[in-house]
């Protein structure tokens, strides 16, 4: 899959965030990078055999007060190569088409990072994922 195809899937996935949430997302940039850099790996405490699929950086909406303005955008970064590796593994294990698995992995990662934007911490996001309530339903 080309980087351009992946970026289209990323943009489409961000566009699939239900309008009731998307309308509340302000001052956030969606980025795509190949992998987390060394600084990010250190900040996140990743071991050599660990990686990230995505990362939200910024001030969650729940922490923004009346004086929140004039700041650089928050970022949601999707890590293309780890997401493609994840999709390839799921495709191999399930027999589902690779592009379908990429879309699912990207969409789930976008949801995960958007949840952090809305103030959910990692245990809350993990619980939603276990409950399978982490889908973009209208």
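Taken together, the values in this text are just the output of simple stated rules run on the coordinates, not laboratory data. A quick note: this is a predicted structure, and the numbers were derived from the prediction, not measured. For neighbour counting, all protein chains shown are included, and Cβ atoms are generated from backbone atoms with ideal geometry for every residue, glycine included.
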Inset, instruction - Name the residue, out of 11, 47, 105, whose mean-square fluctuation peaks in a Gaussian network model built on the chain with Cα pairs under 10 Å. - result: 47
Inset, instruction - From the P(r) of region 1-70, can you give the percent of Cα pairs sitting at distances over 14 Å? - result: 71
Legend entry - Pairwise Cα inverse-distance average, inverted: Kirkwood Rh of the chain (Å): 15.8
Inset, instruction - Highest first, please rank the peptides 110-118, 22-30, 63-71, 84-92 by the mean number of other Cβ atoms sitting within 10 Å of their residues. - result: 110-118, 84-92, 22-30, 63-71
Inset, instruction - Using only alpha carbon pairs under 8 Å that are at least six residues apart, calculate the relative contact order of the chain and give it in whole percent. - result: 31
Inset, instruction - Mind grabbing the base-10 log of I(q)/I(0) for region 3-44 at q = 0.13, 0.15, 0.21, 0.24 Å⁻¹? Debye formula, identical points on the C-alpha positions, no solvent, two decimal places. - result: -0.42, -0.54, -0.83, -0.89
Legend entry - MRE, 222 nm, helices only [DSSP H, n ≥ 4, -39500 (n - 2.57), over the chain, to nearest 500]: -15000 deg cm²/dmol
Legend entry - C-alpha long axis of helix 122-131 to longest principal axis of the chain, angle in °: 50
Legend entry - Protection-proxy order for peptides 32-38, 75-81, each taking the mean of Cβ atoms within 10 Å per residue, highest first: 75-81, 32-38
